[in-house]
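Participant: Just passing along the structure, written as structure tokens.
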Amino acid sequence: MPVERDSYGGLLNDAAQDLVGRLTPVIERLTRRLEWVVEQQAQTLRERSPSYQPGHNRVPDDALLPSAQRNVDKTVRTLRDGRSPRPEQVDEAWVARERTEQGLPAGEMLDAYRLAHRVVRDTFVQIAVAQSVEPGAVMQGACLLWDTADAGASQLYEVRREFEIAIARCDEEQRMRFLHDLLRSGLDPSSLGESATSYGLELGRPYLAVRARPRGTTSLERLQSRLEAGTRHHGQAALLGIVDGEVVGVVPRRPDLGGVAATVGISGPAHLMEAGQSFRNASRMLDVAAQFDDVGVFDLNDLGLRVAMAGEPELGTLLVRRYLAPVEAQGDFGAELIATLREYFAAGRQITRTARTLGIHSNSLRYRLHRFEEIVGVSLEDPKVLTELWWALECSARTG
């Protein structure tokens with residue numbers, strides 16, 4: 001007795017051989033009607049699947065008809081084997097790639113695949129009934145075809161998902177290259193215009209450059225999401241990305257952190273052609289704010305003289321030595337005087353408000369201020385002294 005093998009070279013068991021024997025007339029008839037079944041699949045998809053319709057025609061006949069013929073070939077192979085294919089024997093990856101490149105939505109691709117297989121399966125059942133095949137054998141054959149279609153659809157889904165992930169990764173890499181060139185290298189006007197539009201940016205509109213660093217438990221992803229949400233303005237887009245532990249990019253308006261802990265440097269408004277200089281300005285604001293351990297959003301107006309202080313550390317050291325060192329030499333009383341001076345500036349140099357905050361009488365506050373003037377040999381009525389003293393206090397707080 002000859003050994004029966006399936007189309008993959010495997011041995012057919014007795015049950016499979018029996019089923020194949022009962023379905024052989026159907027298989028032969030289905031094979032003879034190959035062209036008709038192929039055309040029925042194509043016609044059904046053209047009528048019921050939008051991307052296959054003449055108005056859209058994303059899938060032309062030279063791609064559709066070979067795919068439909070493969071469906072019939074798989075059906076015949078499954079019926080002749082008396083079993084559905086194993087996972088490693090399913091080969092629908094090329095269909096997923098081709099349909100994705102043709103622009104079919106994932107859901108429509110899967111629906112069309114199942115619809116085409118239903119046409120073939122229904123044809124099998126019609127032929128089997130016409131051939132008076134035993135109902136049990138018809139049911140077994142139909143179940144095999146169901147399993148075959150399900151296995152193919154599962155592979156389509158997985159390959160499509162992997163393909164979309166790869167496309168998304170490629171798109172993100174391109175977006176980050178554009179952002180890098182925009183902020184650091186500069187772009188020629190033609191390249192800038194084409195790419196900016198694709199990312200929702202407008203050449204004629206000013207943007208703020210942003211460089212942000214998370215604080216505490218804030219994650220980079222959370223910070224980026226908040227910056228995007230906190231800069232939306234009348235449909236205008238922001239372009240942000242994560243680079244070297246920071247969130248960088250351009251935004252249409254000043255960010256609202258919404259309680260998210262971060263230090264954010266921003267530039268003044270400028271057009272995209274000036275984004276490189278804007279980003280350098282935002283970077284400087286971030287560096288200065290970070291030196292003072294500040295949390296929030298900061299531009300040049302917010303930081304003011306602190307920007308100059310950060311750039312002149314030697315001057316800060318000199319002013320600390322000039323105004324604070326003599327006071328610190330007074331021990332505990334000197335420390336009390338320095339704390340008083342900090343509160344004095346914080347209260348806008350208002351005597352009553354400062355005294356209330358410190359919990360002392362106004363005359364006691366005046367005495368402390370007078371003692372400072374005596375120790376250092378200056379007058380707090382002199383604007384130059386006030387500026388230099390504030391500078392010294394800020395530098396002292398920054399260095400601890």
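Read the figures in this text as sums done on the coordinates, not as results from a lab. It should be emphasised that the depicted structure is a prediction, and the values quoted were computed from it without experimental measurement. In this analysis, Cβ positions are derived from the backbone assuming ideal geometry, glycine residues included, and neighbour counts consider all displayed protein chains.
Participant: Once you charge only the Cβ atoms, +1 for Lys and Arg and -1 for Asp and Glu, what is the size of the charge dipole of the range 14-166 about its Cα centre, to the nearest 20 debye?
Facilitator: Roughly 260 debye, rounded to the nearest 20.
Participant: What is the set of long-range amide H partners of Gly296 at a cut-off below 5 Å, with H atoms built 1.01 Å from backbone N?
Facilitator: Ala262, Thr263, Val264
Participant: At 0.36 nm per residue, and after removing the present C-alpha to C-alpha distance, how many nm does the segment from Asp147 to Asp256 gain when stretched out fully?
Facilitator: Extra length available between Asp147 and Asp256 comes to 33.9 nm.
Participant: If you don't mind, another one. How many nm is it between the label spots at Ala329 and Leu315, if each spot is 7 Å from the Cα in line with the beta carbon?
Facilitator: Roughly 2.6 nm, to one decimal.
Participant: Wrap a convex hull around the Cα atoms of the range 205-303, take a quarter of its surface area, and give that in square nanometres.
Facilitator: Value for the range 205-303: 5.7 nm².
Participant: Moving to a separate point now. To make sure I understand, if each residue's beta carbon is the centre and we count other beta carbons within 10 Å, what order do Phe333, Phe345 fall in, fewest to most?
Facilitator: Ordered by Cβ neighbours within 10 Å, fewest first: Phe333, Phe345.
Participant: Nearest 5 percent is fine: what portion of the DSSP beta bridges confined to the chain is antiparallel?
Facilitator: 85 percent
Participant: Right, here's the next one. Is the chain rounded, prolate or oblate when judged by the Cα gyration tensor, a ≥ b ≥ c being the square roots of its eigenvalues, rounded requiring a/c under 1.5 and prolate requiring a/b larger than b/c?
Facilitator: prolate
Participant: Quote the FRET efficiency, to the nearest 0.05, computed for Arg322 versus Arg366 with a Förster distance R0 of 25 Å and r equal to the Cβ-Cβ distance.
Facilitator: 0.60
Participant: Under the rule a/c < 1.5 gives rounded, and otherwise a/b versus b/c splits prolate from oblate, where does the range 112-160 land using the Cα gyration tensor?
Facilitator: Oblate, since a/c reaches 1.5 and b/c is not below a/b.
Participant: Say the dipole of the chain comes from +1 at the beta carbon of Lys and Arg and -1 at that of Asp and Glu; which of Ile127, Val138, Ser198 then lies farthest toward its positive end?
Facilitator: Result: Ser198, furthest along the dipole toward the positive end.
Participant: Helix-only mean residue ellipticity at 222 nm, the chain, DSSP H runs n ≥ 4 weighted -39,500 (n - 2.57), per residue, nearest 500. What is it?
Facilitator: Dividing the helical sum by the residues of the chain leaves -20500 deg cm²/dmol.
Participant: Can you work out the FRET efficiency for the pair Arg86 and Arg118, with r the C-beta to C-beta distance and R0 = 22 Å, to the nearest 0.05?
Facilitator: It comes to 0.45.
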